[in-house]
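Please find one structure pasted underneath; my questions will follow.
No lab work stands behind these numbers, since they all come straight from the coordinates. A quick note: this is a predicted structure, and the numbers were derived from the prediction, not measured. With ideal geometry, Cβ positions are generated from the backbone for all residues, glycine too; neighbour counts draw on all protein chains shown.
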Amino acid sequence: MAKWSKPAQKEMPSVRWNDAWTKSVPVQHRHRMACIRSKDTTPEMKVRRLVHALGYRYRLHVRTLPGTPDLVFPSRRKIINVSGCFWHMHGCGGCRIPATRRTYWKAKLTRNKERDDCTRRALRRLGWKVLTVWECQTGDGQRLADRMTRFLRGR
Ligand SMILES: [Zn+2]
């Protein structure tokens, strides 16, 4: 899925998100591996399998709702969106802005984030409760399952 793939490794960088915006400070590469994963274990697939195993049924990628949310639970009026840390600019420090074409990437990723905020507000105005699961939060399956269960059971 294109949504989860990132710019070529050679473009991947040496700058942390938080630093990237202001001073382009190079840092060590030790977090770089956090960005790499195989295609069939995407965060979204992991979330889908977990939610299914918990016994909840959902609709996928509902185009009639703002932002085409990932997992939709119509009777509960709840939504779970799974976001890649790179493409949606999570401040977790696990991924960073490419070193090349920095202005382009900064503008593009900032637009993504603004769109996310806008979409979330639109969904809430329509009465939907929205849970965002970040890519970096999918490593601990039990913890994620507990969190999603709390969200889906809650009022
Ligand atoms: Zn993250």
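Inspect all residues belonging to segment 68-90 and state whether any of them is farther than 18 Å from K46 by Cα, in a loop (DSSP other than H, G, I, E, B), among the small types (G, A, S) and in contact (Cβ under 8 Å) with a residue 12 or more places away in the chain.
Taking every residue of segment 68-90 in turn, none turns out to be farther than 18 Å from K46 by Cα, in a loop (DSSP other than H, G, I, E, B), among the small types (G, A, S) and in contact (Cβ under 8 Å) with a residue 12 or more places away in the chain.
Tell me whether segment 98-114 contains one or more residues that are within 16 Å of the ligand (Cβ to nearest atom) and either part of a loop (DSSP other than H, G, I, E, B) or in contact with a Ser or Thr (Cβ under 6 Å, 6 or more places away or on another chain) (or both).
Initial filter on segment 98-114 (within 16 Å of the ligand (Cβ to nearest atom)): 109, 112-113.
Now narrow it down to the ones that are either part of a loop (DSSP other than H, G, I, E, B) or in contact with a Ser or Thr (Cβ under 6 Å, 6 or more places away or on another chain) (or both): none.
Within segment 98-114, not a single residue is within 16 Å of the ligand (Cβ to nearest atom) and either part of a loop (DSSP other than H, G, I, E, B) or in contact with a Ser or Thr (Cβ under 6 Å, 6 or more places away or on another chain) (or both).
In segment 69-109, which residues are within 14 Å of the chain's Cα centre (by Cα) and surrounded by fewer than 17 Cβ atoms within 10 Å (Cβ to Cβ)?
G91, C92, G93
Among what's in segment 128-150 and is in a strand (DSSP E or B) and within 16 Å of the ligand (Cβ to nearest atom), pick the residue that is farthest from the chain's Cα centre (by Cα). Steps first, answer last, please.
Here is the first cut: in segment 128-150, the ones in a strand (DSSP E or B) are 129-134.
Keeping just the survivors that are within 16 Å of the ligand (Cβ to nearest atom) gives 131-134.
Working: L131: 11, T132: 7, V133: 6, W134: 4 Å.
My answer is L131.
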